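The values are calculated or read from the model by the stated rules, or taken from the named source; none is laboratory data. Values in this document were obtained by computation on a predicted structure and should not be read as measured data. Please note: Cβ atoms are built from the backbone with ideal geometry, for glycine as well, and neighbour counts cover all protein chains shown. Keep in mind that these areas ignore ligands, DNA and RNA; they rest on the heavy atoms of the full protein, side chains included. Shrake-Rupley method; radii C 1.70, N 1.55, O 1.52, S 1.80 Å.
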Amino acid sequence: MIVVVAEQRAGKLNRTTWEAIAAAQQLAQTSGTPITVLVAGAGTSGPAAELAAAQVEHVATLDDAALEPYTADGFAAALQAAVIELGATYVLLPHTYQTRDFAPKLAARMDRALITDVTAVKRVGDQTAFVRPMFQGKLTADVVPLGPQPHFVTFQIGAFRAEQAARGATPAVIRPLDIRVDATSIREKPDAPFQQTRQSVDLSQAERIVAVGRGIKGQEHLPLAEKLAAALDAELAASRPICDAGWLPMERQVGSSGQTVAPKLYLALGISGAIQHLVGMKGSSTIAAINKDPDAPIFEVADYGIVGDLFEMVPALIEALKE
């Protein structure tokens, strides 16, 4: 059984779960293994009903009040029991902040292999290999997990597209798991972490992003990009130099040392396209770039490119959007 661990918060499904389902469906094609989607937390009925639309064997729910609010202790204990009960051979997860917190703990508890930040699945001889970037995306490695199953794999945001996940002709069966978590074994006492998260920006959930780079020249020109973002109903983001300079907060940085994003539209303004930035946004559905340098690396990944001055192009775009 391939088990996809869904991520939900307060009954709202993280859309990266659908990307993990798309990866699972590709893996299942080569192995003929059925897929189960596992939803854990408190109040899982809404996300489970949404996920039942996927072309999977069934949706398993693990509903326990001890899992809310989220803790690594609670999730590791609950998911260990669920993975064993479901007879998982592979456990697939989206590579989110929450997954990065509990997945290593879960794999260590079970003494199983964990491969993180995977971008593709392939066959190497008679084995399944997982492709992951190395050295900030400068090269990739084909990794084959060793040891007994289940093997744990996290998928980089944007490596697979949510719309690629096949939907079933009829809703999948929803199966509640009879697993209870011992609340006394949870050592963490979260101090309102999600209240702070609501005030910050999760660019991974944005459908449209306007990102600025060194070509913006100065902080005084940021309002121009903000106007374009507002006209597109998009989030504003930046490359590392902009955030390092303090022109925008670090939470808006995209790249290997910032957030990984996969919006429907990524509009890069004055971004040259260093590899550290590209690894954070190359999974976007549509990439458009404006840059004065015709040889800028950003044009190698862009679907649409304009060689020109952003201070001329952006006002024209804003006017066109208003019309």
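For segment 186-323, what is one quarter of the convex hull surface built on the Cα atoms, given in nm²?
With every direction weighted equally, the projected area is 9.4 nm².
Provide the packing ranking of 278-284, 249-255, 33-39, 302-308, i.e. peptides ordered by the mean count of other C-beta atoms within 10 Å per residue, highest first.
So the peptides 278-284, 249-255, 33-39, 302-308, ranked by packing, come out 278-284, 33-39, 249-255, 302-308.
FRET efficiency for THR286 and MET134, Cβ-Cβ distance as r, R0 = 30 Å, nearest 0.05?
0.65
Going by alpha carbons, how many degrees (0 to 90, nearest 10) lie between the helix axis of 72-86 and the longest principal axis of the chain?
Between helix and principal axis, roughly 60 degrees.
Apply 1/(1 + (r/R0)^6) to the Cβ-Cβ distance of ALA166 and HIS58, taking R0 = 22 Å, and write down the FRET efficiency to the nearest 0.05. Don't skip to the end; give the middle numbers.
Working: r = 15 Å, r/R0 = 0.69.
The value I calculate is 0.90.
So, by mean Cβ neighbours within 10 angstrom, what's the order for 291-301, 154-164 with the highest one leading?
Answer by packing, highest mean first, reads 154-164, 291-301.
Using square roots of five times the C-alpha gyration tensor eigenvalues, list the equivalent-ellipsoid semi-axes of the chain in whole Å, biggest first. Kindly include the intermediate steps, with their values, before the conclusion.
Numbers: eigenvalues 277, 95, 67 Å².
Ellipsoid semi-axes (Å, largest first): 37, 22, 18.
Compute the acute angle (0 to 90°) between the alpha-carbon long axis of helix 97-110 and the principal axis of greatest extent of the alpha-carbon atoms of the chain; round to the nearest 10°.
30
Over segment 100-163, average the accessible area per residue using a 1.4 Å probe and give it in Å², no decimals. Please list the in-between numbers first.
Details: 3220 Å² over 64 residues.
Per-residue accessible area for segment 100-163 comes out at 50 Å².
Against the longest principal axis of the chain, how steep is helix 310-322, in degrees 0 to 90 to the nearest 10, with axes from Cα atoms?
70
Give the lysines reachable from LYS138 as a straight Cα distance under 20 Å; neighbours fewer than 8 places away on the same chain don't count.
Within the straight-line cut-off, LYS138 pairs with LYS122, LYS282.
Quick one: of the DSSP bridges fully inside the chain, what percent are antiparallel, nearest 5?
20
Which value, in Å² rounded to 10, gives the accessible area of SER185 with a 1.4 Å probe and all protein chains present?
Spelled out: SER185, probe radius 1.4 Å, area about 60 Å².
Give me Rg/Rg_expected for segment 102-211, where Rg uses Cα atoms only and Rg_expected = 2.2 N^0.38 Å with N residues.
My calculation over the Cα atoms of segment 102-211 gives 1.41.
Could you give P(r) for segment 8-106, binned at 10 Å from zero, as whole percent values over all Cα-Cα pairs?
Answer for segment 8-106: a P(r) of 15, 51, 31, 2 percent.
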